[in-house]
Amino acid sequence: EFHRKMAAADPQDLRALADVEVILDDEAAGLETAADPALAAAGSGSKKERDRFLAQACDSLREMISIVDRMLKQDPSNENWKFVRASAQVRLATDESSLNQGQDVETLARAGLAAHREMAQLKGASAMGLGSAATAFATVEPTSLRDPRFAVACAERAVDKSHRQRPALLFTLAQSLHAAGELDQARQVAK
């Protein structure tokens, strides 16, 4: 609420808007993790509770997209914000798909994937953006939209750009390889 008030006090202050966006992103990620049945404690994590967490994540992602749109109006060339928006679109579509709700989750997912593909194909794409694209193409719902080979290509570029020094990007590569059916290679990269 503090950061929302700061952003409302000066709508042109991109730093304040970015602070709200980061908090909403973290909040949505935490809620998505809490909804993951694989991470639920034994005997807990009912479907109703998981759905509640996902619904809250969807609310955070919708607000996040709205804020990023405001930021992009002020700085339409900011590639990082474009990746953030595309990632939020794919995550929102995936969460809504898991909840079996949303008017047209496939259209939303396709829009996020198209933006990811376009930006990832740029020679100067950042390691962060490439990692985001890899995750999106490896995990999007509905599964018919997945492109594991493109996910691997993006993840490999991200790992190369980071000189194999960022564990999160190595993990993304391992996940992408797993999604592509390259299980032995995925295990090796994960280790």
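Miscellaneous remarks
- Label zone of residue 99 (point 7 Å out along Cα→Cβ, amide N under 12 Å): in the range 15-40 this covers 32.
- For Rg and Dmax of the Cα atoms in Å, calculated from these coordinates, the label among (1) 20.3, 62; (2) 16.9, 53; (3) 19.2, 71: (2)
- 16 Å reach of a label modelled at residue 51, 7 Å along Cα-to-Cβ, counting backbone N of the range 87-102: 95-102
- Put simply, when 81-91, 143-153 are sorted by average Cβ atoms within 10 angstrom per residue, most first, you get 81-91, 143-153.
- Between residue 10 and residue 80, the simple label model (points 7 Å from Cα in the Cβ direction) yields a spacing of 1.9 nm.
- Estimated from the Cβ-Cβ distance and a Förster radius of 41 angstrom, the FRET efficiency linking residue 2 and residue 144 is about 0.45.
- Using just its DSSP H runs of length 4 or more, each adding -39500 (n - 2.57), the chain gives a mean residue ellipticity at 222 nm of -25000 deg cm²/dmol after division by all residues.
- In loop segments of the range 102-144 as defined by DSSP, the trypsin sites (Lys or Arg not before Pro) with at most 16 further C-beta atoms inside 10 Å of their C-beta are 123.
- Only protein atoms count toward the accessible area here, which uses a 1.4 Å probe; on the chain, the carbon and sulfur part of that area reaches 53 percent.
The values are calculated or read from the model by the stated rules, or taken from the named source; none is laboratory data. This is a predicted model, so every value here is computed, not measured. Note: ideal-geometry Cβ built from the backbone for every residue, glycine included; neighbour counts use all protein chains shown. For accessibility, only protein heavy atoms count, side chains too; no ligands or nucleic acids. Shrake-Rupley method; radii C 1.70, N 1.55, O 1.52, S 1.80 Å.
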